[in-house]
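Reviewing the structure listed below.
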Amino acid sequence: MGYWNYYPRYVSVAEKRAKAAKKLKQLKKKNPDIKPILLEGTAVANTWWGKAWNRNLESYADYSNRIGRGRSYVRHGAVLDLQIDSGKVESLVQGTGSKPYSVSIKIKGVHKKIWQEIKSACEGKLDSLQELLAGKFPKALGEIFMAQGVGLFPSPKEIDFSCTCPDWAYMCKHVAATLYGTGARLDED
C-alpha cells in the first residue's frame with residue numbers, strides 16, 4: 001500500500017492483461033458463448049460507426065478521467081463479455097478485484113419523429129454507394145447522425161447505466177469500458 005495505507009499498489013498493464021486473460025479463460029470453460037472485446041492494434045474503433053459512437057460517449061462523460069481509464073480497460077482486454085440486444089448492453093468487466101463487475105446499460109430507441117426527420121434530412125445526401133461500401137462516410141450524413149439530441153446516438157437522458165462496482169460516479173470506468181467495447185463491436189457489425 002501507499003501513503004498511509006490509502007492508495008492501492010500500482011498494477012502494471014501487463015499484470016492487468018494477464019489477470020483479464022486468466023479470468024477470460026476461466027469464464028470460457030463455464031460459458032463458451034461469451035463474447036469478449038479483444039482489440040487488434042491501438043485504436044478502439046476503426047470505422048465511422050465505432051468512432052462516432054465513441055465521440056458521442058466522450059461528449060457526455062461526467063468525469064473525463066473515468067473515460068480514459070475505461071478506454072484503457074477495453075484496450076487491455078478487461079471487457080470479458082459484451083452482449084448487445086435491442087435496447088440494452090450487458091457486460092462483465094475485470095477490475096482490480098478477483099471477480100469481474102457486471103455492467104448493464106439500457107438505451108431508449110430513436111423516437112419515431114426524430115427517425116423521420118433523420119430520413120428526410122438524408123434524402124439526396126448520398127453521392128456514391130460504392131464510397132459508402134468502401135467505408136468512406138459522407139460528411140453531410142455524419143453531421144445529421146451526430147447532432148446532439150436529434151441524431152442517431154443516445155443522449156444522457158436516453159441511456160441508463162448500472163455497475164456492481166463501488167464507484168460513486170454515474171459513469172464509472174467499467175461502464176466507460178463497456179461503452180467503448182460497444183463502439184468496437186459496431187466496427188464488426
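Given an 8 Å cut-off on Cα distances and at least 6 residues of separation, report the relative contact order of the chain as a percent.
So the answer I get is 31 percent.
Show me, bin by bin at 5 Å from 0, the whole-percent P(r) of segment 7-52 based on Cα pairs.
Final binned percentages: 5, 16, 17, 18, 16, 18, 9, 2.
If you roll a 1.4 Å probe over the chain with all protein chains in place, what percent of the accessible area is carbon or sulfur?
54
Rounded if a/c is under 1.5, else prolate if a/b beats b/c, else oblate: with a ≥ b ≥ c from the C-alpha gyration tensor eigenvalues square-rooted, which is segment 126-189?
oblate
Taking only protein heavy atoms and a 1.4 Å probe, what accessible area per residue, in Å², does the chain have with all protein chains in place?
Spelled out: the 1.4 Å probe surface of the chain, per residue, equals 63 Å².
When the helix-only estimate is applied to the chain (DSSP H runs of n ≥ 4, each -39,500 (n - 2.57), divided by the residue count), what is the mean residue ellipticity at 222 nm, nearest 500 deg cm²/dmol?
-13500 deg cm²/dmol
Based on the Cβ-Cβ distance of LYS22 and GLU158, what FRET efficiency does E = 1/(1 + (r/R0)^6) give at R0 = 45 Å, to the nearest 0.05?
0.80
Set the bar at 23 Å for Cα to Cα. Now go through LYS16/LYS51; LYS16/LYS173; LYS23/LYS106 and name every pair that lies beyond it.
Flagged as over cut-off: LYS16/LYS51; LYS23/LYS106.
Measure off 7 Å from each Cα along the Cα-to-Cβ vector at SER98 and SER86, then give the distance between these two points in nanometres to one decimal.
4.1
Can you work out D for segment 50-189 in µm² s⁻¹ from Stokes-Einstein, where Rh is the Kirkwood radius over C-alpha pairs, the temperature is 10 °C and the viscosity is 1.306 mPa s?
99
So if each residue of separation counts as 0.36 nm, and I subtract the Cα-Cα distance between ASP127 and ARG9, what length gain in nm does that give?
37.0 nm
Where a Cα-Cα gap under 18 Å defines reach, which aspartates and glutamates qualify for LYS125, not counting those fewer than 8 residues away within the same chain?
Counting by Cα, and skipping residues close in sequence, LYS125 has these aspartates and glutamates nearby: GLU117, GLU143.
The values are calculated or read from the model by the stated rules, or taken from the named source; none is laboratory data. Because the structure is predicted, anything quoted here is derived from the model rather than measured. Please note: Cβ atoms are built from the backbone with ideal geometry, for glycine as well, and neighbour counts cover all protein chains shown. Accessible surface is based on the protein model in full, side chains and every heavy atom, while ligands, DNA and RNA are left aside. Shrake-Rupley method; radii C 1.70, N 1.55, O 1.52, S 1.80 Å.
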